[in-house]
Amino acid sequence: MVDALQEAHRILVERGTFVDARPDSRVSARVRAGSAGGQVVGTIGTQRATKADDQMSDRAVRDVLRRKLFRSRRRGRLWHAIPFEDAAELNDYLSDHLRFSRRVSWLAPAAHRKTPLFVERAVRFEILIKQLGRRLLLRGGRGARGAASYEV
């Protein structure tokens with residue numbers, strides 16, 4: 001992620017906008033019954049490896065902000081719903097998913113889980129603006145992964 005953010009900084013024009021939007025693994029997805037605004041009948045966690053990746057990505061964003069390559073214009077969380085006809089379709093989806101855990105933690109008995117079901121997941125976003133007059137300089141002989149300094 002650090003390399004991707006540095007590359008985004010390199011190719012963006014001055015005051016260019018970069019949007020970092022990723023599913024928020026700090027919040028469990030909610031399973032709602034009947035409609036996207038219906039009763040919460042279950043939750044779905046995030047796989048452990050994905051949480052670790054997200055933490056490293058968060059660190060990378062904090063790093064480019066600290067180094068003043070970008071400034072944060074706005075950040076927040078939005079929710080979006082994914083519809084499923086029934087629990088079987090939801091389970092099929094989860095069996096192949098790389099981010100969600102494989103099982104739903106049901107909060108309501110099967111009799112209270114109306115169909116269709118909706119998975120409501122959180123997406124965290126941050127709008128980053130390329131700082132004026134900042135340019136990445138690589139120290140001689142260190143290569144692209146070497147230490148970097150900045151010129152104003």
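The values are calculated or read from the model by the stated rules, or taken from the named source; none is laboratory data. The shown structure was predicted, so the numbers you read here are calculated from the model rather than taken from an experiment. Cβ: placed from backbone, ideal geometry, glycine included. Neighbour counts: every protein chain shown.
At a glance:
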read-out	value
Residue in region 96-103 that is touching a Gly at 6+ places or on another chain (Cβ under 9 Å), part of a strand (DSSP E or B) and among the small types (Gly, Ala, Ser) present	no
Close pairs from region 2-20: first more than 15 Å from residue 61 (Cβ to Cβ) and modelled with pLDDT under 85, partner among the hydrophobic types (A, V, I, L, M, F, W, C) and outside any helix (DSSP H, G or I), Cβ under 9 Å, at least 6 apart	none
Condition broken by residue 62, with the remaining ones in (1) more than 21 Å from residue 4 (Cβ to Cβ); (2) surrounded by fewer than 16 Cβ atoms within 10 Å (Cβ to Cβ); (3) within 17 Å of the chain's Cα centre (by Cα) satisfied	(1)
Test: residue in region 23-43 that is surrounded by 14 or more Cβ atoms within 10 Å (Cβ to Cβ), within 22 Å of the chain's Cα centre (by Cα), over 24 Å from residue 3 (Cα atoms) and of a type in the set (D, E, K, R)	yes
Residue in region 44-52 that is touching a strand residue (DSSP E or B) at 6+ places or on another chain (Cβ under 6 Å) and closer than 16 Å to residue 129 by Cβ present	no
Total residues in region 115-133, condition closer than 23 Å to residue 97 by Cβ, surrounded by fewer than 16 Cβ atoms within 10 Å (Cβ to Cβ) and hydrophobic (A, V, I, L, M, F, W, C)	2
Criterion violated by residue 4 - all others in (1) among the small types (Gly, Ala, Ser); (2) touching a strand residue (DSSP E or B) at 6+ places or on another chain (Cβ under 6 Å); (3) within 21 Å of residue 125 (Cβ to Cβ) satisfied	(2)
Scope region 102-114; condition modelled with pLDDT under 90, surrounded by 14 or more Cβ atoms within 10 Å (Cβ to Cβ) and in contact with a helix residue (DSSP H, G or I) (Cβ under 9 Å, 6 or more places away or on another chain); matching residues	113
Scan of region 60-114 for residues that are in contact (Cβ under 8 Å) with a residue 60 or more places away in the chain and either closer than 18 Å to residue 43 by Cβ or among the aromatic types (Phe, Trp, Tyr) (or both), ordered by number	70, 99, 100, 104, 105, 106, 107, 108, 112, 113, 114
